[in-house]
Amino acid sequence: MVVASCYTPVTNLVGVASMKRNIRFFDMCMDDRHSTTPLAIQLPQQPRAVMSLHVDALERAGTEIFTHGCDAGHVSFQILKPGWHKFEGARDGTLNDRKFYKEYPVTTYHAHKDWVAKAAYVESVNSIASAAADNLLSLYDLEALKTKWSLDLSSVKSASHGDACHARGVRTWDWSRRYSMFATGGVERIVQLWSPFVNRPVGY
């Protein structure tokens, strides 16, 4: 069962996570006549299913940041240098895990108490933003390496209907670079707008 997918903007791969708790990357430049074995990454110390995947390009040429969240509320990320997908063993569809994770260490932190719906890098605030079924919207500062902002969206009343903004989990979010705000969505069918600098909604 496929639970999450992503696109790598620099290396032009598609990553797919399954309930087997591994991630496979497929080369989109290959066709059936020139296909290669998909690159499989078995995440270290990953007892739970990966529920979200995301890859963003960083300012450093060719560098990507790989972010994922699991169903236990953990968020992890790696800084991947150019050529990471051609690491030792990649041609055979597997990696030399010990060397790969030594070269590209994984940082993991416990941001939530339930499955992570989306975790991704936000360049404007140099942080990993994540949201989950526990109604939390969280920002993890990549310079300080700690959570710098976290808000329980179920404890804030919506201006549109007077009830909690998100009472049954945050299913997705996006970031507006132009207006420096988050938009969150859930089963309430109302998009809430948030500033990471104040603990209240700024619109809907």
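The values are calculated or read from the model by the stated rules, or taken from the named source; none is laboratory data. All values reported here derive from a predicted model rather than from experimental measurement. FYI the Cβ positions are ideal-geometry reconstructions off the backbone, even for glycines, and counts take in every protein chain you see. All accessible areas refer to the heavy atoms of the entire protein, side chains included, with ligands and DNA or RNA removed. Shrake-Rupley method; radii C 1.70, N 1.55, O 1.52, S 1.80 Å.
One table, with the values for the structure above:
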{"read-out": "Relative contact order (percent, whole number), the chain, Cα cutoff 8 Å, 6+ residue spacing", "value": "12 percent"}
{"read-out": "Cβ crowding within 10 Å averaged over residues, with 52-59, 141-148 ranked highest first", "value": "52-59, 141-148"}
{"read-out": "For the chain, calculated [θ]222 nm from helices alone, where every DSSP H run of n ≥ 4 adds -39500 (n - 2.57)", "value": "-1000 deg cm²/dmol"}
{"read-out": "Computed lengthening from Thr107 to Ala57, 0.36 nm per intervening residue step minus Cα-Cα distance", "value": "16.2 nm"}
{"read-out": "Accessible carbon and sulfur surface of the chain relative to its total accessible area, %, 1.4 Å", "value": "49 percent"}
{"read-out": "Accessible area per residue in Å² at 1.4 Å probe, computed on the chain", "value": "54 Å²"}
{"read-out": "Set of aspartates and glutamates near Lys113 by C-alpha distance (under 20 Å), chain-local residues within fewer than 8 positions excluded", "value": "Asp71, Asp134, Asp141, Asp152"}
{"read-out": "Paramagnetic reach from Ile79 (point 7 Å along Cα→Cβ, amide N under 15 Å) across the range 120-136", "value": "121-123, 126-128"}
{"read-out": "Estimated FRET transfer efficiency (Ser150, Ser18; beta-carbon r; R0 41 Å; 0.05)", "value": "0.90"}
